[in-house]
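Chemist: Sharing a structure with you now.
The values are calculated or read from the model by the stated rules, or taken from the named source; none is laboratory data. Predicted model, so just to flag it, every value in this text is computed and none were measured. FYI the Cβ positions are ideal-geometry reconstructions off the backbone, even for glycines, and counts take in every protein chain you see. Please note that ligands, DNA and RNA were not included when accessible areas were found on the heavy atoms of the full protein model with its side chains. Shrake-Rupley method; radii C 1.70, N 1.55, O 1.52, S 1.80 Å.
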Amino acid sequence: MNGSPSAEPPLEGEGLRIKQPPKVAAGIPAVLHAMQHAVGKMGPLRAAHTLIALNQTGGFDCPGCAWPDPEHRATAEFCENGAKAVAEEATNKRILPEFFAQHSLAELSRESDHWLGQLGRLTHPMVLLEGSDHYEPISWDGAFSLLADELNRLASPDEAIFYTSGRTSNEAAFLYQLFVRQFGTNNLPDCSNMCHESSGAALGEVLGVGKGTVSLEDFDHADAIFILGQNPGTNHPRMLSTLEAAARRGARIVSINPLEEVALVRFRHPQHPLDLLGSGTPIATLHLPVRINGDVAAMQGIMKAMLDEEERRPGHVFDHEFLREHTSGLDEFLAHLRATSWPAITAASGLTQEEMERAASIAVASRRIIACWAMGLTQHENAVANIQQVTNFLLLGGHIGRPGAGVCPVRGHSNVQGDCTMGIFEKMPDSFLDKLGEEFHFSPPRQHGYDTVNAIRAMHEGRAEVFLGMGGNFLSATPDTQYTAEALRRCRLTAHVSTKLNRSHLITGRQALILPCLGRTEIDRQAGGPQFVTVEDSMSMVHASQGNLAPASEHLRSECAIVAGVARATLGTRSTVDWEALIAGYGRIRDAISRVVDGCENYNTRLGAPGGFRLPNAARERRFLTSTGKARFTVHPMPPFALAPGQLLMMTIRSHDQFNTTIYGLDDRYRGIHNGRRVIFLNTEDLQQLGIEAGQLVDITSHFRGEQRTARQFTAVPYKIPRRCAATYFPEANVLVPISAVAEKSNTPASKSVVISLALSKPSATA
Ligand SMILES: Nc1nc2c(c(=O)[nH]1)N[C@H]1C(S)=C(S)[C@@H](COP(=O)(O)OP(=O)(O)OC[C@H]3O[C@@H](n4cnc5c(=O)[nH]c(N)nc54)[C@H](O)[C@@H]3O)O[C@H]1N2
Ligand SMILES: Nc1nc2c(c(=O)[nH]1)N[C@H]1C(S)=C(S)[C@@H](COP(=O)(O)OP(=O)(O)OC[C@H]3O[C@@H](n4cnc5c(=O)[nH]c(N)nc54)[C@H](O)[C@@H]3O)O[C@H]1N2
Ligand SMILES: [Mo]
């Protein structure tokens, strides 16, 4: 087959089945699905051997999400989706060089992402030479010198892009940023630019720390937990054990989400045999079906009702002592609250006044409140405002720096937070760069680098020509698929350090490299013996992770060793770092970390504590390192819900059978979807009004500042979703997300606020 490789996954054939969503999450089906994936991909013995070490002291950290491990670990401290993540990595299948000889890039690109993932682990370094459409084997030294030559040919180090995905360990991340800064640039975009960057930017401004302030133990003491824009049943299933325990002891859980995600309704613990047959534990006491991007308004309504109550019963709602001692901007904020009318609030949120008052009465009755959120808040143009508005809500009652209370941005990738702590950030503060320079005797570049969106633009405009990805799937994870594809194609070289084949290996620069690496489940042996690595979870706990499986291929290298190889080949005698010594025993990397990274002093020693150690967080101690020296109230206008007739607002979300761009299977059983992914969830009345019937195929067109983008053939699925709102899955719908639609301040793609219109697909366009 010829033609150029396709950036988008193929259209789907028939076979999609739509059922009634279940009424309860997890339980026996979760156990069965976990076993099916684990045993199916690894065989029974390997499955048992692997899963027993998952999230255990001395074992490895789950390569799935960043939810922390409890102090008292169950023997099987994993969830269905954790088991899938492990099975995906520890699979028995392999992609050998012969496979690439048999299949051209174009041919592979016409297969689905699910199919690509099923091929198994990458085993050999591979190169795509200029003019060829097949990868062929290359030696590690050959690969390193090709990369080094291309990097050293650049007119400026700023013409190279060094991406990171959040699974990379602290040690590899630290070495990687060290190499990149010695090379001479801060171009270190990472997946968090598309993820919780908005949380970091928002919290940094108002609390002085860009991370969450709660620990797992705080959930044992919370009276209320507000969960906004998050679907933990799929994306953080271990969080449900925590929520279940909280619900059982009477804590009230409020879910604010356009969808009533089933796991937030009822949950059956898959590891409690006695619970498996019951009807499950009710989780959320209250669900507010907010309109997409209606959260600033929803919180405004909740706080307005709290203010009314405070005025009726002064001192019973607000924590005046906290407000006086620790906050700034309160008067202006309250004036704004008073000036906002209920009709404006209900119009912008899509909620009734009564719904918001019920949420307010839960807040008023709670002495300790935690607010959790994920991508439903961070991927909008006004994402930073969303999060600062949630912070306003907590500040009113003094819910920061009190046991059982605080902000909890629930992170995505298992080490995305750690990577940033280690310096994977395009604008690290000077204090970090000073120490890095001191430790390694060089002057790190000071000019800020490109984040993800700016990196895509730079490649598109010819300002960057070499791309190196430390993990991830840059092409499919980023917005505006066709634009990003063009950006990558314009590079001289695109190279990826990866465990599995994905679409980013198929949409390449003029030359390309695949550098296959060890995964977390595998033994990492270096000159100094077997090594462990470290990671930081969503609640700032740092701990060790060590794999126990034989590597998938003898040719694999660890991410640390690959960074050292690239660094030696590129920098040669220019480097002031003894790369060989650092990778011989990772303890030496950690020694350097302890001298460079604030909060990591005595890193190696403190790791010895059971469960690891917690990084300091000033806001948790009510020290607010902000511009006013206090926690700051901020005033945010409510984004209007303004759509032209026939238009809808679409969010791109995850199904139950995927980890970002890795597609484990074709079902989303909690939403009743089986054997297909090209679906669009729509409100029944909107369907009627648009003249579309359930099950019909529609083409989706997105509209942004006069530009249009189209994605073909999605099946219309009637669903319980607010009027004029729609949902599709990422990454199929990324082609619709405009590169210029980004959040203010964080530059995060607004992939949950896509303005669209629908048209019935033409029958001639069938796949
Ligand atoms: N199994 C599995 N686990 C994962 C991942 C995975 O893909 N699979 N991905 C990992 C990563 S990197 C991340 S960042 C996290 C993502 O975890 P989530 O953020 O839970 O993932 P999404 O599917 O993007 O879900 C967003 C939720 O926000 C809601 N939402 C969308 N728009 C709005 C809005 O405007 N307002 C409100 N209030 N809600 C809204 C959606 O209905 C949905 O419930 O999960 C991590 N864990
Ligand atoms: N429209 C839309 N777009 C989104 C989102 C959305 O909600 N909607 N979510 C965004 C979010 S929150 C995120 S975090 C990004 C995710 O963006 P990325 O992190 O770039 O994408 P992943 O799909 O997690 O990357 C998967 C690939 O990582 C590689 N890999 C897996 N394990 C390892 C390992 O141990 N080492 C190495 N070196 N490689 C490994 C495999 O080759 C695999 O194919 O996507 C973003 N994109
Ligand atoms: Mo993420």
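Chemist: Taking the Cα centre of the chain as origin, work out the dipole magnitude from +1 charges on Lys and Arg Cβ and -1 charges on Asp and Glu Cβ, in debye rounded to 20.
Modeler: 880
Chemist: Which of the peptides 233-241, 341-349, 604-612, 567-575 is most tightly packed, and how do the rest follow, going by the mean number of other Cβ atoms within 10 Å of each residue?
Modeler: 233-241, 341-349, 567-575, 604-612
Chemist: Pop the C-beta distance of His674 and Ala347 into the FRET formula with R0 = 22 Å and round what comes out to the nearest 0.05.
Modeler: Approximately 0.05, to the nearest 0.05.
Chemist: Go through Asn675, Leu697, Tyr664 and say which Cα lies farthest out towards the positive end of the charge dipole of region 644-697; charges sit on Cβ, +1 for Lys and Arg, -1 for Asp and Glu.
Modeler: Tyr664
Chemist: Calculate, for Arg492 and Arg313, the FRET efficiency according to 1/(1 + (r/R0)^6) with r their C-beta to C-beta distance and R0 51 Å; round to the nearest 0.05.
Modeler: 0.15
Chemist: May I pose another question? Have a look at the DSSP beta bridges in the chain and tell me what percent are antiparallel, nearest 5.
Modeler: Of the beta bridges lying entirely in the chain, close to 45 percent run antiparallel.
Chemist: Rounded to the nearest percent, how much of the accessible area of the chain (1.4 Å probe, protein heavy atoms only) is carbon and sulfur?
Modeler: Roughly 52 percent, rounded to a whole number.
Chemist: Mind jotting down the distance between the C-alpha centroids of region 305-372 and region 401-446, whole Å?
Modeler: Cα centres, region 401-446 to region 305-372: 33 Å.
Chemist: Moving to a separate point now. Please work out the Cα center distance from region 19-45 to region 534-549, rounded to the nearest Å.
Modeler: Rounded to whole Å, the Cα centres lie 25 Å apart.
Chemist: Largest first, how would Asp591, Asp699 line up by accessible area (1.4 Å probe)?
Modeler: Asp591, Asp699
Chemist: Placing unit charges on C-beta atoms (Lys and Arg positive, Asp and Glu negative, everything else neutral), compute the dipole magnitude of region 390-537 about its Cα centre in debye, rounded to 20.
Modeler: 440
Chemist: How much of the DSSP bridge set in region 648-760 is antiparallel, in percent, rounded to the nearest 5?
Modeler: 70
Chemist: Once amide H atoms are placed 1.01 Å from N in the peptide plane, what residues at a sequence separation of 5 or more from Arg709, or on another chain, have their amide H within under 5 Å of its amide H?
Modeler: Those lying under 5 Å, H to H, from Arg709 are Ser702.
Chemist: Classify region 648-760 as rounded, prolate or oblate from the Cα gyration tensor: take a ≥ b ≥ c as the square roots of its eigenvalues, call it rounded if a/c is under 1.5, otherwise prolate when a/b beats b/c and oblate if not.
Modeler: Cα axes put region 648-760 in the oblate bin.
Chemist: How do Arg248, Arg678 stack up against each other in accessible area, from largest to smallest, with a 1.4 angstrom probe?
Modeler: Arg248, Arg678
Chemist: Roll a 1.4 Å probe over the protein heavy atoms and report the accessible area of Trp140 in Å², nearest 10.
Modeler: 20
Chemist: Next question. Between Ala694 and Glu260, 0.36 nm times their residue separation minus their Cα-Cα distance comes to what?
Modeler: The Ala694-Glu260 span can extend by a further 154.2 nm.
Chemist: Sort His33, His413 by accessible area with a 1.4 Å probe, largest first.
Modeler: The ordering from most to least exposed comes out as His33, His413.
Chemist: Between region 627-686 and region 466-498, how far is it from one alpha carbon centroid to the other, in angstrom?
Modeler: 24
Chemist: Checking the a/c ratio against 1.5 first, then a/b against b/c, what shape does the Cα gyration tensor give for region 609-706?
Modeler: oblate
Chemist: If you place +1 on the Cβ of every Lys and Arg, -1 on the Cβ of every Asp and Glu, and leave all else neutral, what size is the dipole of region 648-760 about its Cα centre, to the nearest 20 Debye?
Modeler: With only Lys, Arg, Asp and Glu charged at Cβ, the dipole is about 220 debye.
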